[in-house]
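A quick write-up on the structure given underneath.
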């Protein structure tokens, strides 16, 4: 029987709703508490360089409020790294970031030599400061090997291409990539997470990959919560992933 799988709830898009009208609500920290109450394993929030949704004060409030681990998604920008060292989240997840993108596009490329050196430096600074580091990477063996060389504590596979695939053949192809990468990463001793674009339907195949121990999901849960409430939306996702995991 496959082991239980953890769920990290990304609450970024609660802040997106707030910023749409420039109000002081809804409050991301309350969303974090409700998600924790519903049974998630961790809370995820991305402090982007342009602060388009989550703000520094949100990070402070979330970290103070919750009892489950806090996973701070972030770029390797010096100011962001320094902020993380002050806050000391239980985990930092390093992701690529471009100002023009709607959401994170692709994994952080650590096969690129220039990127490798920058990421390696950020990883060392964070780990020396007592913050565990995960790297958000594409499901590719070279990326995984370099993540190990860099000293990442864990990795999270970008499931974007799988989530966006429309044709059955394409879905199967991308799912196979993730399966192979997860098995390879597990053999290297990594704790393996996955996320990006996962929803209540496409998650059903991802959770069958036994090497994946955690899923980080945000947009689909927040969208679902508009109709049924956040606690119910998180509970529904938890029920789906745990039941499918046992199959």
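Just so it is clear, none of the values below were taken in a lab; they were calculated from the coordinates. Keep in mind it's a predicted model, so treat the numbers as computed, not measured. Reconstructed Cβ throughout: ideal geometry from the backbone, glycine too, with neighbour counts over all protein chains shown.
Figures for the structure shown
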{"quantity": "Projected label distance in nm at residue 116 and residue 199, using a 7 Å step from Cα toward the beta-carbon", "calculated": "3.8"}
{"quantity": "Fully extended contour minus Cα-Cα distance, from residue 20 to residue 86, at 0.36 nm per residue", "calculated": "20.9 nm"}
{"quantity": "Order of 43, 62 - criterion: other Cβ atoms within 10 Å of each residue's Cβ, fewest first", "calculated": "62, 43"}
{"quantity": "In Å, descending, principal axis extents of the Cα set of the stretch 1-109", "calculated": "42, 36, 27"}
{"quantity": "Mean ellipticity per residue at 222 nm, deg cm²/dmol - from DSSP H runs of n ≥ 4 across the chain, formula -39500 (n - 2.57)", "calculated": "-15000 deg cm²/dmol"}
{"quantity": "Two-decimal log10 I(q)/I(0) for the chain, as the Debye equation yields it once each C-alpha is a single scatterer, q = 0.10, 0.11, 0.15 Å⁻¹", "calculated": "-0.44, -0.54, -1.05"}
{"quantity": "Rg and Dmax of the stretch 137-194, Cα atoms only, in Å", "calculated": "11.6, 37"}
{"quantity": "Which of 138, 153, 50 has the fewest Cβ neighbours within 10 Å, and the rest in rising order", "calculated": "50, 153, 138"}
{"quantity": "Kirkwood hydrodynamic radius (C-alpha pairs) into Stokes-Einstein, the stretch 114-232, 37 °C and 0.692 mPa s, D in µm²/s", "calculated": "214"}
{"quantity": "Exposure proxy order (Cβ contacts within 10 Å, fewest to most) of 223, 40", "calculated": "223, 40"}
{"quantity": "Length-normalised contact order of the stretch 6-245 in % [C-alpha pairs under 8 Å, at least 6 apart]", "calculated": "19"}
{"quantity": "Residue of 75, 225, 42 that the Gaussian network model of the chain assigns the largest fluctuation, springs spanning Cα pairs under 10 Å", "calculated": "225"}
{"quantity": "For the stretch 136-151 versus the stretch 47-72, the gap between their alpha-carbon centres in whole angstrom", "calculated": "26"}
